[in-house]
Amino acid sequence: MTPSLDDASITVTELRGEEAFFGFAEGWRALFRATPDPTPFQSFEWLAAWRRRRGRGEPILLIANEAGVPIAAMALTRTRYRGAPLRFLRWMGAPDADYHDFVGARRRDDCAAAFVGHLRQMPGWHVCELGELRPQTLASLASPLSGATQDSAPCAALRLPASRDEFERQAGRKLRSSIRRRAGMLSEAHPDHHFMTVSRVDELPQAMEDLFRLHTARLNKKGYGGAFATESARAFHRDVAEAFFENDMLRMHRLMVGDRCIAVIYCFNLRGVTCYYLGGFDPAFSRYSPGVLIIHHAIMAAIEEGGSWFDFMRGGEEYKSRWKAEPRVNGRLLFGRPGLASRAAVTARRFERALWTLWQSRQGGDAESVAAPETQSSNTPSSA
């Protein structure tokens, strides 16, 4: 009997360096399109912008092949950790992405095992930290590992009903009342207010500047720089916004009073899922709850286009529960290569993360109230 392709062994090949990464663009895009449940953070457009503007270390692509044909790919970077003679492997795009995964549709559990097996044999690194994993990916990657550390972080997503009226019925009475009251107050004080959605590429530059300004304004009041504190971060998101707009993946809304933007929400959309990445509002208008109003507008827009989910993504902020968002979790894997140096480095990293978790809990779990460590993005939404 002739063996089926599903019985064929999977081999893993490596591509290293910038030229190899960008040279695999079409191969990555094909695997991304085939992936059953991708997020915008696995798109080549996101990863390419990150490499150009934020990328540190050496790009490493692992490609799983079945009978010589690529069926999955994983994008990593290898970096030196805090100046120490240790090498860390992390997802390409960390810590700016809310979800990480490999791309491809066939034999995903087998591909995950092949990737992990290849990594354990690959020289030149001490600690591999794979964060922001959805449960199925976490289970697939953790299955062939023993002694790996697993921990989790909260996320939340709202299942969208079929109509605006149905959403209004299922929203809590307190939330409905608050939205109507704040919208009425804003209408009375500023009858010229209106919502704007980015619909032309020439609207992007001003919309992004409004996002940078309003997100930063609120966090600066708390004493923190926010997600756009550096020019590299701003350039990265300008590139992402333009690329996502061209691919119909950008959903960006602004709340205006006359010509003044008082709130903005920066979302991505893929296969009916709207991902709320970042936002901001003008503290001078806080009495009108502009963050609540802009989120409500974005949810209504997602329903209008037939969306299935509004994903608030990572972070355990209390405001998400007010929208009836369903709790989810992201997972994280931490493991090393065989050998004393790797075991010591993994232990040190576990201790560091335990201290971060303790510190965060002492601050009430508010990710905006503490400085984020190197592997934790500070992109917690700031407009609610």
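The values are calculated or read from the model by the stated rules, or taken from the named source; none is laboratory data. None of the values given here were measured: they were computed from a predicted structure. A quick note on method: Cβ atoms are made from the backbone with ideal geometry, for glycine too, and the neighbour counts reach across all protein chains shown. To get the accessible areas, we keep the full protein, side chains included, count just its heavy atoms, and leave off ligands, DNA and RNA. Shrake-Rupley method; radii C 1.70, N 1.55, O 1.52, S 1.80 Å.
Stretching the chain fully between residue 352 and residue 168 yields a gain of 61.8 nm (0.36 nm per residue, less the alpha carbon separation). Pairs of Cα atoms nearer than 8 Å and 6+ residues apart set the relative contact order; for segment 78-194 it is 24 percent.
Simple spin-label estimate for residue 247 and residue 139 gives 2.8 nm between the two label positions (7 Å along the Cα-to-Cβ direction from each Cα). Distance from the C-alpha centroid of segment 95-157 to that of segment 217-275: 28 Å, rounded to the whole angstrom.
Among 120, 16, the order of accessible area from largest down is 16, 120, computed with a 1.4 Å probe on protein heavy atoms. Counting DSSP beta bridges in the chain, what percent are antiparallel, to the nearest 5? Within the chain, antiparallel bridges account for around 90 percent of the total. Scoring 171-180, 42-51, 28-37 by mean Cβ neighbours within 10 Å over their residues and listing the highest first yields 42-51, 28-37, 171-180.
Stretched out straight at 0.36 nm per residue, the stretch from residue 14 to residue 30 would grow longer than its current Cα-Cα span by 4.0 nm. When the square roots of the Cα gyration tensor eigenvalues are ordered a ≥ b ≥ c, the ratio a/c for segment 159-255 is 1.5 or more and a/b exceeds b/c, which makes its shape prolate. Averaging the sequence gap over all C-alpha pairs within less than 8 Å and six or more residues apart, then dividing by the number of residues, gives the chain a relative contact order of 21 percent.
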